[in-house]
Each structure stands twice: as C-alpha cells, then as structure tokens.
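The values are calculated or read from the model by the stated rules, or taken from the named source; none is laboratory data. On a predicted model such as this, the values are computed, not experimentally measured, just so you know. Cβ placement follows ideal geometry from the backbone for every residue including glycine, while neighbour counts extend to all protein chains displayed. Areas reflect the complete protein model, heavy atoms only, side chains present, ligands, DNA and RNA absent. Shrake-Rupley method; radii C 1.70, N 1.55, O 1.52, S 1.80 Å.
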Amino acid sequence: MADDLRDWFRLWLTPGVGPVVGGKLIHHFGTPAAALAAPYSELRAVGVPEETARAIVGQASEAAVERQLAALERSGGCVLTLADTAYPALLRAIPDPPLLLFVRGNLADAVAQPCLAIVGSRSCSTYGRNAANRLARDLASRGVTIVSGLARGIDTAAHEAALDAGGRTIAVLGTGLDDTYPRENAKLADRIAETGALVTEFPFEKPPAPQNFPYRNRVIAGLCLGVLVVEAADQSGSLITARLALEQGREVFAVPGNITSGKSIGTNRLIQDGAKLVMDWQDVVAEFSYDLRQRLRTGQPAATPQESHLPFDLGEDEQCILALVGFDQPVYVDGLIVQSGLGQPRTMAALLNLTLRGLLRELPGKCYVRAWNG
C-alpha cells in the first residue's frame, strides 16, 4: 500500500477532520503528508480548531489505519482520494467534497454517462413507486445513470427499474461499505455493484445513524446533473437533497402529486418554488445541454405499459380482471369480484394466474395493481 494513501487515511481518521477542515488543509498544504507534518502553530494559523490541531500533531492511531485498509481489501472495493484523477469531476466541484470515496463496482463507467438522482419517500404510495419505476426505466434505457440512496420505497424502485432496463445505477450509502441498510436490500446492492457502483464516504464499521444521511444526500446530489424528487412529505430528507442540489447549482425536478396526499406536499411545494414539473423522461432531458439531449433522444425507448404486448393466451377471466385493474390505483379483491361478475373462485384463480405471470402485483390488504411490464 502506497505511503501517500496511508497519509490520506491518517488525516481522514483524525478526530475533527471532516470534509471542511480536511479540504482546508489540502488546499493550504497541498498533500496530507505536509498537513500531518505541520506544527501546531501553523495549523492554528490556517484556522484549524484547537482540539483538531492537537489531534493532527498527535497523529491518528496506526492500528485504526490498518483496520480500515484491511477492511477495504476484504470488501473487494477501492478508495478514491480527492487527488485521484478518477474522482468524479461533478462531485469534486461541490463545496467541501469528501476526502475519501469508498467504491465497490465500476464507478468510472457509471459516471461516464450523465447522472440523475431519483429520490423520494421511504413509505411511498403505489402512484409514487410506479412513477419512479417508469421514469428510472425510461431514462436508464437511454443511457442515463440513475443515482439514489438504496433506501426503501422510491430509492429501491428507481434502482430496480434502472437495472431491469439494462442500465446503470449508483447507490450512495449512509454506512460503511461493509454494511447494507436496509438489510433487505443486500441482494439489490450486489446487483448494483455488478454494472454500477456502491459509494460511501463513511469508514468501515460505520452503522446507519440519522446524522449520516444529510452527508449522504449531498453526495447523491453532487454526483448528478440534477435531482428528481418523486414523492416527499413535508420536511422529508428528499427535500434536503433538493436543497443541496440547488446550492450546488444543479437542476431540481419534481413529479406532481395528489393535493390531498401528505406524501405529495413536498414535491408540490418544490414545483411552486420553481422546480421543473416532470411527467415523462423528456421533461428531464429537456434541461440538459443540446448535445446531450440529442444523444439521449436517439436512444431506444423502454416500452411503456400502453405499448407493451399482452400474452395472446390469456383466458377470458384473466382478460376481464386485467381490464379492471389500473397501474396506479389499487383495486381490492371484493371490488373485483363484484365488478367482474365472475364470483369468488374464478376471480381468485384469475388473480393468481395474472400475478404468477407478472401482469399484476399484489399489495398488502389483498389489493392489486397492474405491473409495469404488463
């Protein structure tokens, strides 16, 4: 392991050295080695707080450095320093970028494409999930890398749709690279790393904590040309990501929602405050540069639900039930029995067949919506 990388770790692991102080030290001294060798008086003259300056002079624990390097090797990932040429250019341009960026996967190829963040509520509605699914799929299939935070709800829907479209996606973590939060997204994280990347600025063995996620959100916004908020309640973390995007000079987009839904208060207010209203992928691409717009618009579009072809071998009962179920509004079993006139046994058999074939999706409470591939 090169000595200069060890110096980056020593500086980064020093108590009190975060992106602000660390960036100030690198700007003034040029390298971590020079900053670590600086006398206390010079550190204080640069504006480093007293306790942090003493910690720098005392040096970070070598054992702590070795633990992080060993964990990095075990993870199969890599680390990018702020000085690396492979460090994403858009992220480097934000105020106080991370000193170190831990990566599992192929970040270089993922950021070589235009990147867009899609974020929203963890407890999203069916409408929100479907909107995120459709937009992520349509954009990813045209060569846009979808960036999100691996959280439940909208984030998960965006990552999955990008992968299903054969595109790339980046998950920015609020934990160390050795942890997956939430746990149920461990397999999704592995899928993402195969073609895209998992990214974090947090050390190994860093568990999820509320204070981590604003830092994660600034990296989500920093990697991207813009941030698209699909659903967000008032004071949602997604609104923090949108605010950070504005501060970084990036575009902010929002999907309009039902005015009676608490999950849409944040997105509707973003639109009131000037965010671009988005109804389809072209509304996003319209804000990109001319050359980029032309390149993306020549890509192969993903099939929309209206364009996709249904199997020819659906029985009459299945066709009847499918015609009664929409993409956004869940329909309860009792209502389908009444509306179809098929009776309970035939209705349940048709629902089971349609669900197994991936044409319907069952939601909690025995209700159903159309799947986007149906």
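With only Lys, Arg, Asp and Glu charged, each at its Cβ (+1 for the first two, -1 for the last two), find how big the charge dipole of the range 161-260 is about the Cα centre; round to the nearest 20 debye.
140
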Phi-based couplings in Hz for the range 184-200 (Karplus 6.51, -1.76, 1.60; Gly and Pro marked x) | 5, 9, 4, 5, 4, 4, 5, 4, 4, 5, 5, 10, x, 7, 9, 9, 7
Just the accessible area for TRP12, please: 1.4 Å probe, Å², rounded to the nearest 10?
-> 40
Can you work out the accessible area per residue across the range 1-85, with the rest of the protein chains kept in place, probe 1.4 Å, in square angstrom?
-> 51
Sorted peptide list for 246-254, 57-65, criterion being average Cβ within 10 angstrom, highest first = 246-254, 57-65
Choice from LEU43, LEU100, LEU11 showing the highest fluctuation, given a GNM over the chain with Cα pairs closer than 10 Å | LEU43
Accessible area per residue in Å² at 1.4 Å probe, computed on the range 211-262 = 38
Taking a probe of 1.4 Å, how large is the accessible area per residue of the range 102-185, in Å²?
-> 28
Once both axes come from the Cα atoms, what is the angle between helix 126-140 and the longest principal axis of the chain, in degrees from 0 to 90, rounded to 10?
-> 70
Using the alpha-carbon centroid of each, what span in Å lies between the range 20-48 and the range 186-239?
-> 29
Carbon and sulfur atoms account, in whole percent of the 1.4 Å probe accessible area of the chain, for 52
Amide H contacts under 5 Å for GLY226, restricted to residues at least 5 apart in sequence or on another chain and with H modeled in the peptide plane, are ALA117, GLU251
Dipole of the chain (Lys/Arg Cβ +1, Asp/Glu Cβ -1, origin at the Cα centre): which of ILE271, VAL48, HIS28 lies farthest to the positive side?
-> ILE271
Based on DSSP H runs of at least 4 residues, each adding -39500 (n - 2.57), what is the mean residue ellipticity at 222 nm of the chain after dividing by all its residues, to the nearest 500 deg cm²/dmol?
-> -13500 deg cm²/dmol
Under Karplus coefficients 6.51, -1.76 and 1.60, residue-wise ³J(HN,Hα) of the range 163-179 in Hz, glycine/proline x | 5, 5, 7, x, x, 10, 8, 10, 9, 9, 8, x, 9, x, 5, 8, 10
Scalar couplings 3J(HN,Hα) for the range 27-36 by Karplus 6.51 cos²θ - 1.76 cosθ + 1.60 (θ = phi - 60°), nearest whole Hz, x for Gly and Pro, are 4, 7, 9, x, 9, x, 4, 5, 5, 5
Estimated dipole of the range 1-104 in Debye, rounded to 20 [Cβ of Lys and Arg +1, of Asp and Glu -1, Cα centre] | 200
